[in-house]
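Peer 1: Before I ask anything, let me first share the structure, which is written out below as structure tokens.
The values are calculated or read from the model by the stated rules, or taken from the named source; none is laboratory data. None of these values were measured; they are calculated from a predicted model. Virtual Cβ from ideal backbone geometry, glycine too; neighbours counted across all protein chains shown.
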Amino acid sequence: MNEIDKIDIACKRYKILKNSGYEKFNTIDNWLEKESTIFQNELTNEDKTYKKLKRGQIIKADFGINIGSELCYTHFAIVLDKNDSIYSDNIMVLPITSKKGNNRINLGKILHEIYPNSLKYNLFCYANITQIKSISKSRIFQDNKNYVCKNEILDKIDREVLKMYTNIDERKVKINV
């Protein structure tokens, strides 16, 4: 089987998914078109420099349509990297959701602080600690350069990451941001 046949088979499968009625795949055609554009831009990006982001900065990114219960669609997220570079395409982020749940950090009405005139963002937000993810900066379509999370929120995130992903007792670690 040659590569064209494989692409044709994949396209047929995506069409079946699109028409399956399964909500997750309702917009798969939009995502695939967008993803192919991102891939094509990789070929033409000769500069190979990217925006430098700050730790705690809130960005909005398209996480795409992913496998299983991996995060999908567009979400705000908090940048976790403390030493980002214009030469790095990847960034670690902590997605934000409006849904309460286990392993989610209450951030208060953090988006309302960024968009005070919007009723859409006048809601409680939660950082989904189980969905920390490395993403390409090509997924980011909005960054709020003027808004960086307060240190107490970043400290809370640091403590929860330590608690969830390490054997380190966070009470014995002094958190410095």
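Peer 1: Which is in contact with a Cys (Cβ under 7 Å, 6 or more places away or on another chain), closer than 18 Å to ILE59 by Cα and of a type in the set (A, V, I, L, M, F, W, C), of ILE110, ILE86, ILE157, ILE153?
Peer 2: The unique qualifying residue is ILE110.
Peer 1: Considering only residues that are touching a Ser or Thr at 6+ places or on another chain (Cβ under 9 Å) and modelled with pLDDT of 95 or more, look in segment 91-123 and name the one that is surrounded by the most Cβ atoms within 10 Å (Cβ to Cβ).
Peer 2: Looking at residues that are touching a Ser or Thr at 6+ places or on another chain (Cβ under 9 Å) and modelled with pLDDT of 95 or more, I get VAL93.
Peer 1: A further question on this structure: Quick check on LYS18: is it surrounded by 13 or more Cβ atoms within 10 Å (Cβ to Cβ), touching a helix residue (DSSP H, G or I) at 6+ places or on another chain (Cβ under 8 Å) and not assigned by TED's automatic domain parsing to the domain that holds ARG139?
Peer 2: yes
Peer 1: Shifting gears a bit: Which of the residues that make up segment 118-140 are among the aliphatic types (A, V, I, L, M), in a loop (DSSP other than H, G, I, E, B) and more than 13 Å from PRO95 (Cβ to Cβ)?
Peer 2: Taking segment 118-140 first, the residues among the aliphatic types (A, V, I, L, M) are 119, 123, 127, 129, 132, 135, 140.
Next, from what is left, pick out any that are in a loop (DSSP other than H, G, I, E, B): 123, 132.
Matches in segment 118-140: LEU123 only.
Peer 1: Report yes if LEU107 is free of Cβ contacts under 8 Å to residues at least 12 places away in the same chain, over 30 Å from TYR14 (Cα atoms) and outside the structural domain of GLU23 (by TED's automatic domain parsing), otherwise no.
Peer 2: Details: free of Cβ contacts under 8 Å to residues at least 12 places away in the same chain: no; over 30 Å from TYR14 (Cα atoms): yes; outside the structural domain of GLU23 (by TED's automatic domain parsing): yes.
No, not satisfied.
Peer 1: Let me ask another. More than 25 Å from TYR73 (Cα to Cα) and either modelled with pLDDT of 90 or more or outside the structural domain of TYR73 (by TED's automatic domain parsing) (or both): which single residue out of LYS163, LYS137 fits that description?
Peer 2: Among LYS163, LYS137, only LYS163 is more than 25 Å from TYR73 (Cα to Cα) and either modelled with pLDDT of 90 or more or outside the structural domain of TYR73 (by TED's automatic domain parsing) (or both).
Peer 1: Quick test for you: out of LYS145, LYS163, pick the one residue that is touching a residue at least 60 places away in the same chain (Cβ under 8 Å) and more than 19 Å from LYS99 (Cα to Cα).
Peer 2: LYS145
Peer 1: Could I ask something else about it? Given (1) more than 27 Å from THR44 (Cβ to Cβ); (2) surrounded by fewer than 13 Cβ atoms within 10 Å (Cβ to Cβ); (3) not polar (S, T, N, Q), identify the lone condition not met by ARG159.
Peer 2: Looking at each condition in turn, ARG159 falls short on (2).
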